[in-house]
1. For A121, indicate whether it is more than 21 Å from the chain's Cα centre (by Cα) and surrounded by 17 or more Cβ atoms within 10 Å (Cβ to Cβ).
2. For the range 96-132, enumerate the residues that are under 17 Å from E160 (Cα atoms) and part of a loop (DSSP other than H, G, I, E, B).
3. Any residue at all in the range 35-52 that's surrounded by 15 or more Cβ atoms within 10 Å (Cβ to Cβ), under 30 Å from the mean Cα position of the chain (by Cα) and in a loop (DSSP other than H, G, I, E, B)?
4. Yes or no: M440 in the same structural domain as R296 (by TED's automatic domain parsing) and touching a strand residue (DSSP E or B) at 6+ places or on another chain (Cβ under 9 Å)?
5. Quick one: which helices (runs of 4 or more DSSP H) sit completely within the range 386-447 and have at least 1 residues that are closer than 27 Å to D337 by Cβ and charged (D, E, K, R)?
6. Where the second residue is surrounded by fewer than 21 Cβ atoms within 10 Å (Cβ to Cβ) and of a type in the set (K, R) and the first is closer than 14 Å to W101 by Cα and touching a residue at least 40 places away in the same chain (Cβ under 8 Å) and lies in the range 41-70, which pairs have Cβ atoms under 8 Å and are six or more apart or on separate chains?
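The values are calculated or read from the model by the stated rules, or taken from the named source; none is laboratory data. Being a predicted model, the structure only gives us computed values, none of them experimental. When we count neighbours, we look across all protein chains shown, and the Cβ atoms used for this are built from the backbone with ideal geometry, even at glycine.
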Amino acid sequence: MSAEKRTEYLWSQILLHLNLFFDRQTIATVDRSRILFGPYAAVTLERRPVIAIPNDIPYNMAAKDAYAAPFGETHLTLWNRLEIPPGDGWRALPDNAAPVWYVHASGTHLPAWNLFGNLFALLTSQEEREFATRDKHGRFAGGRSPRAERGLMEVPAFNEAVAALAAACVGLSHEGQAELSVRGLVKPPVVVLSHDCDILRGNDRWTQAIRFARIFLPLAHLRPPRIANLWWIARNYIRPDDFYFDNVLGMVNLERQFGFTSTFYLLNGTPGRYGARSGSWLLPKLIAAIPPGWSRGIHYNYDTFLDTIRFVQQMQELTDLLGGRPRFGRAHYLRFDMERSPEFLAAQGIKCDESAGFSDRIAYRCGIAGCFQPYDPATESAVNILELPMMIMEDALKLQYGDGAAAVFEQMLRHLGQIGGALTLNVHPGVFHNPEIPRMLGFYHRLLCLCRDLGVRGMAADDLIGTIPPEHRVRELIPVD
């Protein structure tokens, strides 16, 4: 694997991120800055005012030595710390306890952690490639990640590293030393809103059968049966749209009040418990209910996973219904393989995918709050598709944090407000406002209120992608002399 190819790939993703979340002046400053990538032995010998980043240090899967370093009004969570380079003239910035940079008297700045190795490993899903364990749906579970053991799943490591790099460029251009804040340099954070329309009526036989089975599940623990489920079976038999299809209209109206938009991912194709429970016949009505300004994407059916024939069949049916081919998508049940799926989806004409998330917890699966191009190890280059990892599924957030869920959401947004980025939030129609799930009542409204109060922009994925300049590469890398 070529160090130059890896460096070129990572740098292109950094530039993409800068163009999405930083102002033009900061991007121009980075453009003018001297940033070197090379072997550790070479970059530590630099003796001039440059940012020198080692690109030959392997990623440590154990994610060891995590520590918090002050950065403006927040902090950076860094791991795989490097030792201060040998020789005289080096000092830690801001200090030895929590360094962000090692600074030489000549002006050379070296990251105090394995910046290159960490980011490359996260974007290329090294942990998923090395851990073969998958659940019954073929998914890599968030709890299997070594980062989960260290409490690092909710750290947007890529955003933090880019923010540190941008601040260093600005500081070097003004004062000859890295700054430790990007205050005033980043755009307001974004929350990317989406909805997986996988259950649109409450009376399909699979949903009703699950309700019926759950009546008797408590008996296994010597508890009374859930007789109330009979009410929901009868209620949705008579009024199937209640708390399902009707919630689509409710979410649109709620988002309109805040000036936000979202993407509705439509599920069609093979029916079944893991397939399109509501079938395709209801989609024309749903499509008509989604107003202009709100996006419509494809929710890849369960059985289309890496299956070209089934994927093409589903895509063609949805294209006919929409009157145009959808270019944005997310996998049903998040059946997504970071090594194989990006190329598969790109070959099917998908422009942007939102499948890289976890069903069992909230997490930055690839360490990034924003979008990037996945890496193809065969060609050592970027795949021609944008991946916008799903960070939060509404019920997972609530189950993981209970009454503190909204506070965690607010904390994440505040952190992104200090470093730049986009938080992705997926809310299902059947969960948005459903008395059968009382813990979720009013929850989406509360989250949108937090977004409004914090000045966060709420938009669909294609609106975010539309802000990327046609040519985002601002300069070539500077080789080590």
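1. Numbers: more than 21 Å from the chain's Cα centre (by Cα): no; surrounded by 17 or more Cβ atoms within 10 Å (Cβ to Cβ): yes.
Against the criterion (more than 21 Å from the chain's Cα centre (by Cα) and surrounded by 17 or more Cβ atoms within 10 Å (Cβ to Cβ)), A121 does not qualify.
2. A98, P99, V100, A112, N114
3. There is no residue in the range 35-52 that is surrounded by 15 or more Cβ atoms within 10 Å (Cβ to Cβ), under 30 Å from the mean Cα position of the chain (by Cα) and in a loop (DSSP other than H, G, I, E, B).
4. Values: in the same structural domain as R296 (by TED's automatic domain parsing): yes; touching a strand residue (DSSP E or B) at 6+ places or on another chain (Cβ under 9 Å): no.
When the stated conditions are applied, M440 does not pass them.
5. Numbers: elements: 394-401, 405-419, 429-432.
In the range 386-447, 394-401 are the helices (runs of 4 or more DSSP H) which contain 1 or more residues that are closer than 27 Å to D337 by Cβ and charged (D, E, K, R).
6. Pairs found: P49/R34; V50/R34; I51/R34.
Residue by residue, here is whether (1) surrounded by fewer than 17 Cβ atoms within 10 Å (Cβ to Cβ); (2) touching a strand residue (DSSP E or B) at 6+ places or on another chain (Cβ under 6 Å); (3) modelled with pLDDT of 95 or more holds:
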| residue | (1), (2), (3) |
| --- | --- |
| K5 | yes, no, no |
| I14 | no, no, yes |
| N60 | yes, no, no |
| P70 | yes, no, yes |
| W79 | no, no, yes |
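Yes/no per residue for (1) assigned by TED's automatic domain parsing to the domain that holds H433; (2) more than 28 Å from A346 (Cβ to Cβ); (3) in a loop (DSSP other than H, G, I, E, B):
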site: R223; (1), (2), (3): no, yes, yes
site: D246; (1), (2), (3): yes, yes, no
site: E255; (1), (2), (3): yes, yes, no
site: T270; (1), (2), (3): yes, no, yes
site: Y274; (1), (2), (3): yes, no, yes
site: S278; (1), (2), (3): yes, yes, yes
site: A288; (1), (2), (3): yes, yes, no
site: G297; (1), (2), (3): yes, no, no
site: M315; (1), (2), (3): yes, no, no
